Amino acid sequence: HGLARMPAKHAEIVRAFWRESLDDQMMLFCGASLFAYEREGRVFAPSELVKDDGLTFVLDTRAEHIALDVISDAYQDALGVTTGKIGQIDDRITLTCAAGPAVEFVNERWLLDRVEDQRAADVLSQALREPAYRGMTIARDSRPVEIRTLDPRAYAMAFGAMADEKWT
């Protein structure tokens, strides 16, 4: 029926963050976020919009502390590896290993720097402060995944504000 759409390794990373209660420090902010909206919206997102090589998370502006070492351990546990690489360029942190998809973390400043219009930046900043949206999907391993992401309206505004931005 097309229900199991999220790649299993992506799902296992999201589950690992949830098991460690790390999802309170971040929100999924990439095409995979659309999986969270499908059940309530009763429509499947086009596959070209949800195909991500990796996962991007925006660090929650309300989080008091970001536990990068715990995040890295959860990422490695999810992929069954003991080593991974951590990289940081400007306000982006990446976790990579050969066994699975890369995970990228960006902060509010990184996002706002990519929005040219100040009004759009203000809207995006406010959207990041709204309560997170939690949705469920089924991964290709036939197991459920809870996704914490932006409210659908905030997600649309944020991606609309960054439509011309290349995430490199």
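Take the Cα of Arg39, step 7 Å toward its Cβ, do the same at Arg119, and the gap between the two points is 3.8 nm.
Label sites at Glu130 and Asp73, each approximated as a point 7 angstrom past Cα along Cα to Cβ, lie 3.5 nm apart. Ignoring everything except DSSP H segments at least 4 long, calculate the 222 nm mean residue ellipticity for the chain; use -39,500 (n - 2.57) per segment, divide by total residues, nearest 500. Computed ellipticity for the chain at 222 nm equals -11000 deg cm²/dmol.
Approximating the spin labels as points 7 Å out from Cα along Cα→Cβ, the Arg92-to-Asp151 distance works out to 2.8 nm.
With charges set only on the Cβ (+1 for Lys and Arg, -1 for Asp and Glu), what does the dipole of the chain come to about its Cα centre, in debye to the nearest 20? Don't skip to the answer; put the middle values down first.
Details: 20 positive and 28 negative charges, 117 e Å.
It comes to approximately 560 debye.
In this calculation the C-beta distance from Arg143 to Lys51 is compared with R0 = 22 Å, giving a FRET efficiency of 0.65.
Rank these residues by their accessible area, most exposed first, probe 1.4 Å: Ile89, Ile66. If you can, show how the numbers build up before the last one.
Details: Ile89 115, Ile66 55 Å².
Solvent-accessible surface, decreasing: Ile89, Ile66.
Which percent of the accessible area of the chain is formed by carbon and sulfur heavy atoms (probe 1.4 angstrom)? Show your work: numbers first, answer last.
Values: 4630 of 9230 Å².
Result for the chain: 50 percent of the exposed heavy-atom area is carbon or sulfur.
Taking every DSSP bridge with both residues inside the chain, close to 75 percent are antiparallel. When all protein chains stay in place and ligands, DNA and RNA are ignored, the 1.4 Å accessible-area order of His10, His65, largest first, is His65, His10.
The values are calculated or read from the model by the stated rules, or taken from the named source; none is laboratory data. These numbers come from a predicted model, not from an experiment. Glycine also receives a Cβ, built like all others from the backbone with ideal geometry; neighbour counts cover every protein chain displayed. These area figures cover heavy atoms from the full protein model, side chains too; ligands, DNA and RNA do not enter into them. Shrake-Rupley method; radii C 1.70, N 1.55, O 1.52, S 1.80 Å.
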